[in-house]
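Below: one structure, written as structure tokens.
The values are calculated or read from the model by the stated rules, or taken from the named source; none is laboratory data. The structure displayed is predicted, hence computed values, not measured ones. Positions of Cβ are generated from backbone atoms using ideal geometry, with glycine treated the same way; all protein chains shown enter the neighbour counts.
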Amino acid sequence: MADDRPEIAPAQVVPVELEPQCEWTAEQVSDPAAWTEHLSEADILELGAAVAHARKVSDDFLQIGKADFPLPTLGPRLKRIEAELINGRGFVLIRGLPRQRWSNDEMCLAYWGIGAHLGRPWPQNAKGHVLGDVTDQGKQPGDPTARGNELGQIGLDFHCDGSDLVGLLCLQSGVSGGLSAVCNSVALHNRLVRERPDLAAELYKPQPYDYRGEQPPGGRGWYPMPVFTRHGERLFMRLIRPYILASQRHADAPRLTAKAEEALTWMQEMSESGAYSVLMDFQPGDMQFINNYHVLHGRTAYVDDRESGRVRHLKRLWLETEVLEDRPSFFQNRMGSHWAQKISISRLDAAG
């Protein structure tokens, strides 16, 4: 099978600052109250009723859509959050799902239903998972097929995933560490445009990304995609520096230019500077949603204790938002791709 991603012609771009209203600094988001939405007991009751209703519709999450998960009060609030994710700050922490009272399935169904109010699911890997896992799955950092969500205990650099919105639900925290980090990539883009437009222009050109062994059968092991894309007056972004560097193991992948390497290093150093990032400590029952095009995410290293059951386990959603009515072809939800041929829900119980 040929690669199912559209070919991208090299772009000659004069970079300009985009979406300045979505910029923020670490100082401006230092107060967690600015980005934390607390679920009230009334919200929990409404979610519990929606979970019960959805269970009557089907025991298969894949059959549960927005209409099957009624949230008459919380639903409009989620739509306001969705608009803020796309046109504002770009991230939110929703706190308060009752982890102590609800089973794994109840937690996951509530999360799936909330996700359905924010967007349509997007396959995350070659297994077709639309509800996936971020936990230690026994993969090693040097494994060329390992993806970040499968790696345990190590920290992860700031990066993007492959959808409009990325959601994480904390089912279980580890013994220590594992802080979630978010960084404003709009501010990074605009600063790079101002200070080094030559480097910004280089990142508007397609860069090779390693498929991590999940390419179509018979397809090449890498795919081209720019780090920055301007579409109308919006900024779209895909940055996974380790995958770009790993693409160089494929002889047929284009070689990175010295300017691309310099630009990637600039992005790495600036994202880690602390000037445009904030840390949050996930508690069981917390949900984080981010705009994948405006916010990079990562995490600090952490410690698990599998013997006692204290294993960090997050559930992940990739979502296609309704707020974005138009997007570049290579940022489309590829439900016709090889990743979507066997859509499924991961039932991994990391603490088991």
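Can you report the number of residues in segment 129-164 which are at pLDDT below 90 and surrounded by 14 or more Cβ atoms within 10 Å (Cβ to Cβ)?
1
Could you check segment 127-215 for strands (runs of 3 or more DSSP E) lying wholly inside it with 1 or more residues that are within 16 Å of the chain's Cα centre (by Cα) and among the β-branched types (Val, Ile, Thr)?
On the way: elements: 129-135, 156-159, 165-172, 180-184, 206-210.
In segment 127-215, the matching strands (runs of 3 or more DSSP E) lie at 129-135, 165-172, 180-184.
Which of (1) surrounded by fewer than 23 Cβ atoms within 10 Å (Cβ to Cβ); (2) small (Gly, Ala, Ser); (3) within 28 Å of THR300 (Cα to Cα) is the odd one out, the single condition GLY65 does not satisfy?
All conditions pass for GLY65, except number (3).
Could you check how many residues of segment 188-224 are buried (at least 21 other Cβ atoms within 10 Å of the Cβ) and among the hydrophobic types (A, V, I, L, M, F, W, C)?
5
Can PRO121 be described as over 21 Å from GLN283 (Cβ atoms) and either more than 17 Å from the chain's Cα centre (by Cα) or free of Cβ contacts under 8 Å to residues at least 24 places away in the same chain (or both)?
Values: over 21 Å from GLN283 (Cβ atoms): yes; either more than 17 Å from the chain's Cα centre (by Cα) or free of Cβ contacts under 8 Å to residues at least 24 places away in the same chain (or both): no.
Against the criterion (over 21 Å from GLN283 (Cβ atoms) and either more than 17 Å from the chain's Cα centre (by Cα) or free of Cβ contacts under 8 Å to residues at least 24 places away in the same chain (or both)), PRO121 does not qualify.
List the pairs whose first member sits in segment 236-264 and is closer than 18 Å to VAL295 by Cβ, whose second member is among the aromatic types (Phe, Trp, Tyr) and at pLDDT below 95, and whose Cβ atoms are under 6 Å apart, counting only residues at least 6 apart or on separate chains?
PHE236/PHE331
Those residues that are within 24 Å of PRO72 (Cα to Cα) and among the small types (Gly, Ala, Ser), I need them from segment 99-147; list them, please.
Hits for segment 99-147 are SER103, ALA110, GLY113, GLY115, ALA116, GLY119.
Quick one: what pairs do we get from segment 190-219, first residue closer than 15 Å to ALA258 by Cβ, second basic (Lys, Arg), C-beta under 8 Å, 6+ apart or different chains?
Listed by first residue and then by second, the contacts come to ASP198/LYS259; LEU199/LYS259; GLU202/LYS259.
Considering only residues that are surrounded by fewer than 23 Cβ atoms within 10 Å (Cβ to Cβ) and farther than 17 Å from THR229 by Cβ, which ones fall in segment 319-332? First the steps, then the outcome.
From segment 319-332, those surrounded by fewer than 23 Cβ atoms within 10 Å (Cβ to Cβ) are 320-332; that's our starting set.
Selection gives GLU322, VAL323.
If the Cβ limit is 6 Å and pairs must be 6+ apart or interchain, which residue in segment 63-81 that is of a type in the set (Phe, Trp, Tyr) pairs with which residue that is modelled with pLDDT of 95 or more and assigned to a helix (DSSP H, G or I)?
Pairs that qualify, where the first residue is of a type in the set (Phe, Trp, Tyr) and the partner is modelled with pLDDT of 95 or more and assigned to a helix (DSSP H, G or I), are PHE69/ALA50; PHE69/ALA54; PHE69/GLY113; PHE69/ALA116.
Here is a check on your reading of the model: is LEU169 in contact with a strand residue (DSSP E or B) (Cβ under 7 Å, 6 or more places away or on another chain) and not acidic (Asp, Glu)? Working first, answer last.
Details: in contact with a strand residue (DSSP E or B) (Cβ under 7 Å, 6 or more places away or on another chain): yes; not acidic (Asp, Glu): yes.
Yes: the conditions hold for LEU169.
In the list VAL175, VAL182, which residue meets the criterion of being surrounded by 19 or more Cβ atoms within 10 Å (Cβ to Cβ) and of a type in the set (A, V, I, L, M)? Break it down stepwise before answering.
On the way: VAL175 fails: surrounded by 19 or more Cβ atoms within 10 Å (Cβ to Cβ).
Answer to the selection: VAL182.
Quickly run through segment 18-59 and pick out the residues that are surrounded by 16 or more Cβ atoms within 10 Å (Cβ to Cβ), over 21 Å from the mean Cα position of the chain (by Cα) and among the charged types (D, E, K, R).
Result: ASP43, GLU46.
Rundown of residues vs (1) at pLDDT 95 or above; (2) at negative phi, yes/no style:
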position: GLY274; (1), (2): yes, no
position: PHE282; (1), (2): yes, yes
position: ASP286; (1), (2): yes, yes
position: ILE290; (1), (2): yes, yes
position: VAL295; (1), (2): yes, yes
position: GLU307; (1), (2): no, yes
position: ARG334; (1), (2): no, yes
position: ALA340; (1), (2): no, yes
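Quick one: count up the residues across segment 86-101 that are surrounded by 18 or more Cβ atoms within 10 Å (Cβ to Cβ), in contact with a helix residue (DSSP H, G or I) (Cβ under 8 Å, 6 or more places away or on another chain) and not in a loop (DSSP other than H, G, I, E, B).
Of the residues in segment 86-101, 4 are surrounded by 18 or more Cβ atoms within 10 Å (Cβ to Cβ), in contact with a helix residue (DSSP H, G or I) (Cβ under 8 Å, 6 or more places away or on another chain) and not in a loop (DSSP other than H, G, I, E, B).
Residue-wise test of (1) within 17 Å of ARG147 (Cβ to Cβ); (2) at pLDDT 90 or above.
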{"residue": "VAL311", "(1), (2)": "no, yes"}
{"residue": "LEU314", "(1), (2)": "yes, yes"}
{"residue": "GLU322", "(1), (2)": "no, yes"}
{"residue": "GLU325", "(1), (2)": "no, no"}
{"residue": "PHE330", "(1), (2)": "no, no"}
{"residue": "ASP349", "(1), (2)": "no, no"}
{"residue": "GLY352", "(1), (2)": "no, no"}
